Every structure is written in C-alpha cells, then in structure tokens.
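Asks: Pasting a structure here, questions to come.
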Amino acid sequence: MSEVIIIDFDKNAPIAGSEYDKLAPMALPGYEAMHQMTLACLRSHLHKMSEKAANLLIVGAGTGMELVNYAQANQNWCMLGVDPSVNMLAIASQKIQEHNLSERIKVFTGYIHQLPNNPIYDAATAILVMHFIPDDGSKLDFLENIFQRLKPSAPFILVDVFGEKGTDELEAKISMMKCFWQEAGVSPEKVSELLEGLATGVYPIPETRVFELLQQAGFTKIIRFYTGIWIGGWVATK
Ligand SMILES: C[S@@+](CC[C@H](N)C(=O)[O-])C[C@H]1O[C@@H](n2cnc3c(N)ncnc32)[C@H](O)[C@@H]1O
C-alpha cells in the first residue's frame, strides 16, 4: 500500500498561503463563481429556516474567502473559521481586521474534533478541504465531527476534487485541467507541482462515495449544485 501523505498548508501546500489568493482563482475552475453559489445555497436554506441571525462553522477557512464574503453579505451572520494552518489563518485574520469584522468572525487554529461537541451551528462549510483527507475512515470521521456540531435541519456545503484515480473519466478531466491551467496562465512549474500534489496528497473519491459518506455521517437531501471540471459542490442537510 502506498504511503499516506497529509498535506500541511504550512509545509508542503500545493498552493502556499502567500500565493493562494492570486493562484486559487487561476488553478480552481470557477473558484469565485463557486463561492458565490455556496453563499446562495446557504442563504436559500437559512432563509427557509427563518434564521435571521445565524452562527456558521467554516471548516478549512484558509485565507478567509468564505469568512469575509459571507460576513459582508449578511450582517446577522457570525462565524467560526477553523484551520490547522497558521499561515493561512494569519492572512484571514488580517482581512477580518481590515474589514472590521472581528466582532462577528472568530478563528481557531486546529482541527474540528478539538472544538466543543455541541450542536450550536446553523450551517457549516468544508470547501476544498476533505480531498486532502484519506478515505481510510478519516473522511467519515471528519464529516461526523461536522454533523455533531450542527443544529437539526442545518445545511452543510461540501466542495472537493472528485472522481476515481486511475479511471478514464478522471484521466480525461486531468487532461482538461492541464489545458485549463495553460489558458489561465499558470506556469509549467506550478502545473507540475499541482499534478505532484494530486498524485501524492489529494484523495478524490467518486460521487457515489461522496453520497455514501455524507449519508453514513447522517446527512440527507444531498444535491450537487456545482461542477468545475473535476471539482464538485454538494449541499446536504442534517
Ligand atoms: C485549498 S484551501 C481552501 C481554503 C478555502 N476554503 C477556500 O475555498 O479558498 C484548504 C484549507 O484546508 C485546510 N485544511 C487541511 N486539512 C484540514 C482539516 N483536516 N481540517 C480543517 N482544515 C484543513 C488547509 O490548511 C487549507 O487552509
């Protein structure tokens, strides 16, 4: 069995913190549109639940894309951003301060299982995070930890690279991604690094397995709301 490599965004990130905000929209198909769609999904669910004020859990908050976007668009939303990367959260914290959002956004450096195990969140997101976690029980554990901290009927947004390694379908998508990166102006050196990251530290799973894991964790009403070549986005409900 091949060695399990865990990507650490402070040590061996495919896109390091300092270059993340510039490179993510170039490297991830529909990155900004996807974030706009996640906001629409959350608003649609939370408004249905008549939640004016809402408390959101942002897992893998990175440099703060979700935190700042969601807080600016919704004056009554409060958020906790969780991420093990000191470098990524330092950038997020700077943005939170610059936008005067410190009252409504807190960050926690670490992992979801380290948070209190109370169902206090009205919604959660894990955007471009779970594909870094191997499917050896760890992905299920990750989803269960999120499920436990959500209130009943809360929406959960999952966005990940998906597909089965070694299949014609994923190989075809990788080939499309190489052309996408070329069109976007990503340097050949960076393309090699991204492909190396995929080969060693990214653990995509087919959509059937995404559904299976979400259901095993307890989620229902799973809907795919977004596809960007090899990236999928799903909304599920507790
Ligand atoms: C590709 S970035 C995505 C950041 C942000 N969600 C976005 O859409 O731009 C992945 C982030 O997930 C974090 N991460 C990796 N493993 C994690 C885990 N097990 N729990 C929480 N965050 C994790 C990384 O440190 C990194 O900041």
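Bear in mind these aren't lab numbers, they're just calculated from the coordinates by the rules spelled out. No experiment lies behind these values; they were computed from the predicted model shown. Glycine also receives a Cβ, built like all others from the backbone with ideal geometry; neighbour counts cover every protein chain displayed.
Asks: Give the residues of region 41-70 that are under 13 Å from residue 123 (Cβ atoms) and surrounded by fewer than 23 Cβ atoms within 10 Å (Cβ to Cβ), sorted by residue number.
Replies: If the condition is that a residue be under 13 Å from residue 123 (Cβ atoms) and surrounded by fewer than 23 Cβ atoms within 10 Å (Cβ to Cβ), then 41, 43, 44, 45, 46, 47, 48, 49, 51, 53, 54, 55 are the ones that fit.
Asks: Right, here's the next one. Residues 44, 18: which one is more than 12 Å from the ligand (Cβ to nearest atom), more than 22 Å from residue 104 (Cα to Cα) and outside any loop (DSSP other than H, G, I, E, B)?
Replies: Sole residue among the options that is more than 12 Å from the ligand (Cβ to nearest atom), more than 22 Å from residue 104 (Cα to Cα) and outside any loop (DSSP other than H, G, I, E, B): 18.
Asks: Follow-up. Condition test on residue 146, is it touching a Cys at 6+ places or on another chain (Cβ under 8 Å) and either free of Cβ contacts under 8 Å to residues at least 60 places away in the same chain or not in a loop (DSSP other than H, G, I, E, B) (or both)?
Replies: So residue 146 fails the test.
Asks: Determine, yes or no, whether residue 87 is farther than 18 Å from residue 210 by Cβ, within 11 Å of the ligand (Cβ to nearest atom) and in contact with a helix residue (DSSP H, G or I) (Cβ under 9 Å, 6 or more places away or on another chain).
Replies: It is true that residue 87 is farther than 18 Å from residue 210 by Cβ, within 11 Å of the ligand (Cβ to nearest atom) and in contact with a helix residue (DSSP H, G or I) (Cβ under 9 Å, 6 or more places away or on another chain).
Asks: If we keep just the residues of region 2-40 that are acidic (Asp, Glu) and in contact (Cβ under 8 Å) with a residue 60 or more places away in the chain, which is surrounded by the most Cβ atoms within 10 Å (Cβ to Cβ)?
Replies: 21
Asks: Given the conditions (1) basic (Lys, Arg); (2) in contact with a helix residue (DSSP H, G or I) (Cβ under 8 Å, 6 or more places away or on another chain); (3) away from the ligand (no atom under 16 Å from the Cβ), and given that residue 151 satisfies all but one, which numbered condition is not satisfied?
Replies: (2)
Asks: In addition: State yes or no: is residue 206 surrounded by 20 or more Cβ atoms within 10 Å (Cβ to Cβ) and touching an Asp or Glu at 6+ places or on another chain (Cβ under 9 Å)?
Replies: no
Asks: Kindly list, by first and then second residue, each pair from a residue in region 118-143 that is closer than 21 Å to residue 232 by Cβ to a residue that is small (Gly, Ala, Ser) and more than 13 Å from the ligand (Cβ to nearest atom), limited to pairs with Cβ atoms under 6 Å and residues at least 6 apart or on different chains.
Replies: Final answer for the pair search is 123/154; 143/217.
Asks: Now for a separate question. Give the residues of region 47-80 that are in contact with a strand residue (DSSP E or B) (Cβ under 8 Å, 6 or more places away or on another chain), aliphatic (A, V, I, L, M) and in a loop (DSSP other than H, G, I, E, B), sorted by residue number.
Replies: 53, 61
Asks: Would you please name the residue that is nearest to the ligand (Cβ to nearest atom), looking only at residues in region 91-142 that are basic (Lys, Arg) and not in a strand (DSSP E or B)?
Replies: Among them, the one singled out is 139.
Asks: What number goes with the only condition from (1) within 18 Å of residue 156 (Cα to Cα); (2) assigned to a helix (DSSP H, G or I) that residue 179 does not pass?
Replies: So residue 179 meets the others, but not (1).
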